[in-house]
Amino acid sequence: MGSSLRLIGIGRNTGVARYHQLYTALSDAMTNGVLAPGAALPSEPKLAQRHGISRTTVRRALARLEKEGRVERKRGSGTYVRGQPRLTLFRVRADRFLHDVRALDTTTTSKLLQFEHIDTPPHISEVMPDFEPRSLVIRRTRFIDRIPFVIATSHVPESVGGRLTRRKLGNEAVLVALQRLGVRPSSGEQVMTAVAADGIAAKALRVPMGSPLLRIRRTVRDRRGRPVEHQEYLYRPERYEHRVPLDFSRN
């Protein structure tokens, strides 16, 4: 276990707080079975020395694990891993994207944060110059097992979005709701990057500010090549799995 944690390392000037790096290292060790239920974690002094951090930093990481119910701290004895049920993940396969999106309304719940018509933001016009100047923005937080796992933001051209209401949307994915209105998505492009959680994302996803998040930006067009939707998702990375089938037979 010790060598596995050392391989992860705690770095300075990474843009991620060192307590969060230690929290992630320990969390990954538990998830991967390196730290099994009932196993004792190294003592605070050993963790501090091993990773070149203060005991205050170590305590902060352990306190978060304890709050999440992943470890048990026994006075005079140490910190022990608690047995945990497997996390429920939101899984998406690139070759069945629409199928997985349609399952959102039955596998997750959502909280509507924003539903209004606005001027289309410049960053959308940059990637989709033919996007309409006005758009409907829909922002929601989605939950699995009552735990928020993504902030989903969609911009829909006003000519299409004007036909969509909160009631018609319900808990469905925006793209699914648009299909019911006769929109036929045909092509798109997706870009995946990592970002640090700002104050708004940290609060909505219940993570510390600065935590790493997976950001997915996706553009969708119909069969005539017209813009249908611009999507942006901020995921808690431990709750999201993206699979891409590979076929080497044609190369």
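Packing, taken as the mean count of other beta carbons within 10 Å per residue, orders the peptides 148-161, 121-134 from highest to lowest as 148-161, 121-134. Helical content alone sets the calculated 222 nm signal of the chain at -8000 deg cm²/dmol, taking -39,500 (n - 2.57) per DSSP H segment of four or more residues and averaging over every residue. Of the labelled options [x] 51, 38, 32; [y] 66, 45, 35; [z] 62, 60, 37, which one gives Cα extents along the principal axes in Å as computed for this structure? Identified label for the calculated read-out: [y].
By how many nm would the segment from LEU98 to VAL16 grow when fully extended, if each residue of separation counts as 0.36 nm and the alpha-carbon distance is taken off?
Here the segment from LEU98 to VAL16 would lengthen by 26.1 nm.
Relative contact order of the chain, taken over Cα pairs closer than 8 Å and 6 or more residues apart, is 16 percent.
Accessible area per residue for the chain, computed on protein heavy atoms with a 1.4 Å probe, is 57 Å². Altogether, the Stokes-Einstein calculation at 25 °C and 0.890 mPa s, with the Kirkwood radius of region 130-251 over Cα pairs as Rh, returns a diffusion coefficient of 155 µm²/s. Over all pairs of different C-alpha atoms in region 210-251, the reciprocal of the mean inverse distance, the Kirkwood hydrodynamic radius, equals 13.3 Å. Accessible area per residue was computed with a 1.4 Å probe on protein heavy atoms; ARG59 scores about 100 Å².
The values are calculated or read from the model by the stated rules, or taken from the named source; none is laboratory data. A quick note: this is a predicted structure, and the numbers were derived from the prediction, not measured. Neighbour counts are summed over all protein chains in view; Cβ atoms, including those assigned to glycine, are modelled from backbone coordinates with ideal geometry. What goes into the accessible areas is simple: the full protein's heavy atoms, side chains included, and nothing from ligands, DNA or RNA. Shrake-Rupley method; radii C 1.70, N 1.55, O 1.52, S 1.80 Å.
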